[in-house]
1. Residues to consider are Phe29, Phe3, Phe15; find the one that is more than 14 Å from the ligand (Cβ to nearest atom), surrounded by fewer than 24 Cβ atoms within 10 Å (Cβ to Cβ) and not polar (S, T, N, Q).
2. Could you grab me the full set of residues in the range 124-143 that are within 14 Å of the ligand (Cβ to nearest atom), open to solvent by 30 Å² or more (accessible area, probe 1.4 Å) and touching a residue at least 24 places away in the same chain (Cβ under 8 Å)?
3. Restricting attention to the range 37-52, which residues are open to solvent by less than 10 Å² (accessible area, probe 1.4 Å) and either away from the ligand (no atom under 15 Å from the Cβ) or of a type in the set (S, T, N, Q) (or both)?
4. Which fully enclosed helices (runs of 4 or more DSSP H) of the range 137-203 have 3 or more residues being among the small types (Gly, Ala, Ser) and at pLDDT 95 or above?
5. I'm trying to understand the selection: among the residues of the range 149-162, which are among the hydrophobic types (A, V, I, L, M, F, W, C) and surrounded by 18 or more Cβ atoms within 10 Å (Cβ to Cβ)?
6. Looking only at the range 163-191, which residues are β-branched (Val, Ile, Thr) and open to solvent by less than 10 Å² (accessible area, probe 1.4 Å)?
7. Taking Glu78 and the conditions (1) more than 30 Å from Asp37 (Cβ to Cβ); (2) within 17 Å of the chain's Cα centre (by Cα); (3) loosely packed, with under 13 Cβ neighbours inside 10 Å, which numbered condition does it fall short on, given that it satisfies the others?
8. When Thr173 is evaluated against the numbered criteria (1) out of contact with any Asp or Glu (no Cβ under 8 Å at 6 or more places or on another chain); (2) within 16 Å of the ligand (Cβ to nearest atom); (3) hydroxyl-bearing (Ser, Thr, Tyr), which criterion, by number, is the only one it fails?
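The values are calculated or read from the model by the stated rules, or taken from the named source; none is laboratory data. Please read these numbers as outputs of a predicted model, since none were measured by experiment. Because the Cβ atoms are built from the backbone with ideal geometry, glycine has one as well, and the counts that use them run over all protein chains shown. The protein model used for the area step is the full one, side chains on, heavy atoms only, and it has no ligands, DNA or RNA in it. Shrake-Rupley method; radii C 1.70, N 1.55, O 1.52, S 1.80 Å.
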Amino acid sequence: MIFNEVITERKLIAFTFDDGPRPEWTPLFLDVFRKHDAKATFFVMGSHIEQYPDIAKRIYEEGHELGNHTYSHPSLPELGKEQQIEELERTDRLISEVTGSRPSTFRPPYLAVNDDLLEVSAQFGYSVIHAVNLDSRDWDTVDADHIVTTSRAHVHNGSILIYHDGFGDRSQTLAAISILVPELIAAGYELVTVSELLASASR
Ligand SMILES: [Zn+2]
């Protein structure tokens with residue numbers, strides 16, 4: 001099943017970050033969430049966990065969720081089912097080594113799915129996680145104002161917001177997050193992991 005958001009009566013929001021962990025940026029995002037005692041979900045690439053295991057460990061130790069974002073970030077619908085399984089399996093194992101348990105959430109690169117992939121992700125027991133604020137396009141050359149404004153327009157109970165900590169220069173994303181996190185907390189939202197958000201679903 002694919003989730004852009006979760007229907008819930010509680011004021012919960014899930015921030016998500018793709019393509020890390022990366023040493024230049026991931027720790028800075030973690031610092032923002034630590035400062036505000038908030039939680040997020042990091043959809044990590046297996047190849048980056050191998051490169052930066054200490055940062056993956058820090059994500060986990062600070063109470064955040066690690067979700068599967070494949071090993072090498074291919075467009076999965078272009079691969080056969082066996083290769084899809086390999087991409088997920090390898091990263092599933094790497095995350096398990098960090099956290100001691102298997103991930104339960106998965107975000108396909110480019111949000112690209114086909115029927116084979118939905119079958120495979122169901123076999124893994126994964127919830128497939130998209131997001132509501134695709135127009136924020138933080139991976140593109142947009143400024144922090146654009147990211148903040150578009151994100152605000154999608155803030156409601158159960159929103160899943162997508163950003164990147166592991167791709168290129170993330171300074172504008174970091175600036176936007178540094179505004180949005182305290183702002184949403186002040187507005188009464190609790191920032192939770194995707195799994196916590198899914199668990200809160202009212203239907
Ligand atoms: Zn990605």
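1. Among Phe29, Phe3, Phe15, only Phe3 is more than 14 Å from the ligand (Cβ to nearest atom), surrounded by fewer than 24 Cβ atoms within 10 Å (Cβ to Cβ) and not polar (S, T, N, Q).
2. Leu134, Trp139
3. Ala38, Ala40, Thr41
4. In the range 137-203, 144-153, 171-186 are the helices (runs of 4 or more DSSP H) which contain 3 or more residues that are among the small types (Gly, Ala, Ser) and at pLDDT 95 or above.
5. If the condition is that a residue be among the hydrophobic types (A, V, I, L, M, F, W, C) and surrounded by 18 or more Cβ atoms within 10 Å (Cβ to Cβ), then Ile160, Leu161, Ile162 are the ones that fit.
6. Within the range 163-191, the first condition is being β-branched (Val, Ile, Thr), and the residues that meet it are 173, 177, 179, 181, 185.
Correct list: Thr173, Ile177, Val181.
7. Only one criterion is unmet by Glu78, namely (2).
8. All conditions pass for Thr173, except number (1).
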